[in-house]
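Participant: My structure is below; once you've seen it, I'll send some questions.
The values are calculated or read from the model by the stated rules, or taken from the named source; none is laboratory data. The model shown is predicted, which means the values in this text are computed figures rather than measured ones. Methodologically, a virtual Cβ is constructed for each residue, glycine included, from the backbone with ideal geometry; neighbour enumeration extends over all protein chains shown.
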Amino acid sequence: MSTLSFHDVRVRYGSHTVLDDVSLEVTDGQTVGLVGESGCGKSTLARAAVGLAPLTGGQILLDGRPVPNRGRRPVQMVFQDPYSSLDPRMTVGESLAEAMPERLGRTARQAEIARLLALVHLDAARAADLPGRLSGGQRQRVALARALAARPQVILADEITSALDVSVQGAVLNLIRDMRRDLGLSMLFISHNLAVVRYVADHVAVLHNGRIVEFGPTAQVLGAPRHDYTRHLLAALPGAVPLKEQT
């Protein structure tokens with residue numbers, strides 16, 4: 001895997017600034033959690049990395065070079081809604097095959113599809129199913145497998161558990177941890193849920209009004225936050241004990 005770097009990234013739509021000089025690194029083999037309230041620019045940052053949001057300024061680099069947005073794409077994004085991220089007319093196997101960077105013969109293709117499904121803990125028989133036959137959790141697993149099919153160097157996971165039932169979220173989060181351990185994935189994990197980020201992320205960046213206001217190891221940022229906004233987010237957690245301001 002590789003290092004994805006955001007350098008002084010700015011995104012503006014007309015007079016509205018969404019991202020304002022954001023700098024952040026997702027280093028090799030690490031999971032960086034990006035947290036903040038809705039509308040703070042989290043998804044825009046991920047979309048900018050895959051060419052879906054135009055930069056007003058700054059750079060997004062993969063191992064020191066601009067991220068390619070044509071041909072084989074080494075940075076893959078998994079979207080929030082598992083019900084709209086898959087083509088309802090394509091079987092699971094067809095969706096995975098479409099994302100593969102190489103054309104394979106039938107036997108090799110079927111073997112690769114089975115391997116990808118195994119990575120996300122789905123039976124190979126699911127390859128013949130249309131998305132409509134899958135649960136939300138199964139669809140999100142397929143979306144992860146599709147991202148892996150492209151053989152990415154970095155994965156951007158945008159609120160991938162927020163549309164799932166609580167009973168399913170844990171299984172998907174465990175899958176993310178397994179994938180990081182087994183595949184050495186580099187990942188930007190976006191969520192408004194600090195408890196979820198605490199479980200999966202090595203480091204946490206806190207985004208507020210388009211700016212990174214705090215960054216560091218997960219235990220440090222969520223255990224002893226230095227910024228008022230981070231403390232505000234933590235205080236909003238169910239059952240949270242208000243944190244005293246640091247001087």
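Participant: Restricting attention to the range 119-134, which residues are crowded, with 18+ Cβ neighbours inside 10 Å and small (Gly, Ala, Ser)?
Facilitator: The answer is Ala127, and nothing else.
Participant: Would you mind stating whether Ala49 is within 23 Å of Asp202 (Cβ to Cβ) and either among the hydroxyl-bearing types (Ser, Thr, Tyr) or not assigned by TED's automatic domain parsing to the domain that holds Met77 (or both)?
Facilitator: Against the criterion (within 23 Å of Asp202 (Cβ to Cβ) and either among the hydroxyl-bearing types (Ser, Thr, Tyr) or not assigned by TED's automatic domain parsing to the domain that holds Met77 (or both)), Ala49 qualifies.
Participant: What single numbered condition from (1) hydrophobic (A, V, I, L, M, F, W, C); (2) at pLDDT below 95; (3) under 20 Å from Val197 (Cα atoms) fails to hold for Leu52?
Facilitator: (3)
Participant: Looking at (1) over 14 Å from the mean Cα position of the chain (by Cα); (2) loosely packed, with under 15 Cβ neighbours inside 10 Å, which one does Ala149 not meet, given that it meets all the others?
Facilitator: So Ala149 meets the others, but not (2).
Participant: Show the residue pairs that are 6+ apart or on different chains and have beta-carbon atoms under 7 Å apart, the first residue being within the range 24-42 and in the same structural domain as Thr3 (by TED's automatic domain parsing) and on the phi > 0 side of the Ramachandran plot, the second being assigned to a strand (DSSP E or B) and of a type in the set (Gly, Ala, Ser).
Facilitator: Qualifying pairs under 7 Å: Gly29/Ser186.
Participant: Now for a different question. Residues that are at pLDDT below 95 and not assigned by TED's automatic domain parsing to the domain that holds Leu62: which helices (runs of 4 or more DSSP H) entirely in the range 148-247 hold 3 or more of them? Please lay out each step first, then the result.
Facilitator: Numbers: elements: 166-183, 194-200, 218-223, 228-235.
Ranges flagged: 166-183, 194-200.
Participant: Okay, next question. Does Gly137 meet the test of being out of contact with any strand residue (DSSP E or B) (no Cβ under 8 Å at 6 or more places or on another chain), surrounded by fewer than 12 Cβ atoms within 10 Å (Cβ to Cβ), part of a helix (DSSP H, G or I) and touching a residue at least 12 places away in the same chain (Cβ under 8 Å)?
Facilitator: Details: out of contact with any strand residue (DSSP E or B) (no Cβ under 8 Å at 6 or more places or on another chain): yes; surrounded by fewer than 12 Cβ atoms within 10 Å (Cβ to Cβ): no; part of a helix (DSSP H, G or I): yes; touching a residue at least 12 places away in the same chain (Cβ under 8 Å): yes.
In short, no.
Participant: So Glu94 ticks every box in (1) more than 15 Å from the chain's Cα centre (by Cα); (2) closer than 27 Å to Gly14 by Cβ but one. Which box is left unticked?
Facilitator: Of the numbered conditions (1) more than 15 Å from the chain's Cα centre (by Cα); (2) closer than 27 Å to Gly14 by Cβ, the odd one out for Glu94 is (2).
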